[in-house]
Amino acid sequence: MRDCIVIGAGAAGLSAGLTLGRAQRETLVVDAGRQSNLPATVIGGLLGHDGRPPAEYYAAARAEIGRYPSIRFDDSEVTRADRRGDGTYTVVFADGRREDARTLVLSPGMEYRYPHVEGLAERWGGDVFHCPFCHGWEMRARPTAVLATGAVGVHGALSLRSYTDDITLLTNGTELSGEYRDRLSAAGVKWDERAVAALDGAGSSLSAVYFVDGTCLAVSAMLVKTFLHQRSTLAADLGAEVNEPDDFLGVGAIVVDAMSRTGIPGLFAAGDAAASVPPSMAAAIASGYLAGAGAVTQIAAGY
Ligand SMILES: Cc1cc2nc3c(=O)[nH]c(=O)nc-3n(C[C@H](O)[C@H](O)[C@H](O)COP(=O)(O)OP(=O)(O)OC[C@H]3O[C@@H](n4cnc5c(N)ncnc54)[C@H](O)[C@@H]3O)c2cc1C
């Protein structure tokens, strides 16, 4: 019986692991190795690590936590988790192994779903990005397209104004209201309502957006709207409450209190999977720290 199993070793799970390791709690950190920002060239906006490549950051964080003797890593996937009658947890791995623990931290991240446009996936995390705070600086001063509709598109286009003066909102076949046109005009933002066909450029770089009519717009960066979705049914299977779909963030974040506690004793959730604010590395680290501290406190109190 371990003290804790942490499911997912991105920023949130590693942060929880660090807190548990320092408290000498026997902890298994399980990770399938698909942190959501791995395709990105660098991490933007994380104090102390600004501009660092994500893979390098995760390797350093893992080495830091691995120094604590009560921490074990398991590079595999959890397929199922159950709460037993005595309030402890059993976790089942993809290869059929089982492990038991007194507490669980769910930190599996979220799937970021972006628009299905030919040529987008190859440029995701590079010239195609989803968050101005993460990569606006790296993309600054470039001719930039924003691919999003309605209020979200207008908000996205306006939010880029401190990074570049050349912004075009692509509504991909939907019509902008007069009110939105007025707001964009006043801010010097262009718009194009034609349906988008494909992105193009040498290698993984972006140099043009093609429309269905065969013409193109020269841009070298693109902001796209993404929606977050749970990567698995683990939270729901454990009976954790999840949020209603939300037009801004996405679908089904795990409901937690300010201390990363779900409503189920011994079950904590952190990072994107439980984010009620726009996701970031900094927020994931903070909520993972609280989840780890919560698990340590609960075990110490003997619940
Ligand atoms: C392309 C991109 C670029 C980004 N750039 C930035 C940036 O520059 N700055 C910034 O602040 N934020 C950035 N973000 C957001 C940031 O990456 C996330 O907020 C942060 O990584 C969330 O951390 P997490 O630990 O919750 O999830 P993740 O980092 O996604 O880690 C979750 C881990 O859990 C594993 N996992 C999932 N399910 C299971 C399971 N069942 N069993 C075992 N393991 C499992 C996954 O494989 C993964 O390794 C970016 C996001 C994306 C998509």
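The values are calculated or read from the model by the stated rules, or taken from the named source; none is laboratory data. In this text the structure is predicted, and so the values were computed from the model without any measurement. Quick reminder, even Gly has a Cβ in these numbers, built from the backbone with ideal geometry, and neighbours come from all protein chains shown.
For region 85-167, give me every one of the strands (runs of 3 or more DSSP E) that falls completely inside it and has 1 or more residues that are of a type in the set (Phe, Trp, Tyr). Per the criteria, 89-93, 110-113.
Among residues of region 1-20 that are under 24 Å from GLU111 (Cα atoms) and part of a helix (DSSP H, G or I), those with a Cβ under 6 angstrom from a residue that is more than 9 Å from the ligand (Cβ to nearest atom) and aromatic (Phe, Trp, Tyr), sequence gap 6+ or separate chain, pair up as SER15/TYR289.
Yes or no, residue by residue, for (1) touching a Pro at 6+ places or on another chain (Cβ under 6 Å); (2) surrounded by fewer than 20 Cβ atoms within 10 Å (Cβ to Cβ); (3) closer than 30 Å to GLY188 by Cα; (4) not β-branched (Val, Ile, Thr):
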{"site": "ASP75", "(1), (2), (3), (4)": "no, yes, no, yes"}
{"site": "TYR89", "(1), (2), (3), (4)": "no, no, no, yes"}
{"site": "VAL92", "(1), (2), (3), (4)": "no, yes, no, no"}
{"site": "LEU120", "(1), (2), (3), (4)": "no, yes, yes, yes"}
{"site": "ARG123", "(1), (2), (3), (4)": "no, no, yes, yes"}
{"site": "MET139", "(1), (2), (3), (4)": "no, no, yes, yes"}
{"site": "VAL154", "(1), (2), (3), (4)": "no, no, yes, no"}
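Checking each residue in region 65-104 for being over 21 Å from GLY292 (Cα atoms) and small (Gly, Ala, Ser) picks out GLY85, ALA94, GLY96. Screening the candidates ALA16, ALA94, ALA81 for the property of being under 19 Å from the mean Cα position of the chain (by Cα), within 11 Å of the ligand (Cβ to nearest atom) and at negative phi yields one hit, ALA16. The set of residues in region 33-48 being in contact with a Pro (Cβ under 8 Å, 6 or more places away or on another chain) and among the hydrophobic types (A, V, I, L, M, F, W, C) consists of LEU38, ALA40, VAL42, ILE43. Checking ARG34, ARG52, ARG113 one by one, the residue that is among the basic types (Lys, Arg), near the ligand (Cβ under 9 Å from one of its atoms) and within 18 Å of the chain's Cα centre (by Cα) is ARG34 and no other. Which ones in region 206-243 are assigned to a loop (DSSP other than H, G, I, E, B), among the charged types (D, E, K, R) and over 21 Å from THR149 (Cα atoms)? Across region 206-243, the qualifying residues are ARG231, GLU241. If you filter region 21-31 down to residues that are part of a strand (DSSP E or B) and closer than 17 Å to TYR289 by Cβ, you find that the one that is farthest from the chain's Cα centre (by Cα) is THR27. Before we move on, is ALA121 modelled with pLDDT of 95 or more, aliphatic (A, V, I, L, M) and either closer than 30 Å to TYR89 by Cβ or out of contact with any Lys or Arg (no Cβ under 9 Å at 6 or more places or on another chain) (or both)? Yes; evaluated as a whole, the condition is true for this residue.
Tell me which residues, restricted to region 229-251, are at pLDDT below 90 and either of a type in the set (A, V, I, L, M, F, W, C) or not assigned by TED's automatic domain parsing to the domain that holds PRO265 (or both). Scanning region 229-251 gives PHE248, LEU249, VAL251. Checked against the criteria, PRO108 does not count as within 28 Å of PHE133 (Cα to Cα) and either more than 9 Å from the ligand (Cβ to nearest atom) or modelled with pLDDT under 95 (or both).
Residue count for region 181-198 under the criterion of being in a helix (DSSP H, G or I) and under 29 Å from the mean Cα position of the chain (by Cα): the result is 1.
For region 94-111, how many residues are surrounded by 15 or more Cβ atoms within 10 Å (Cβ to Cβ) and either more than 25 Å from VAL242 (Cα to Cα) or not basic (Lys, Arg) (or both)?
Qualifying residue count, region 94-111: 11.
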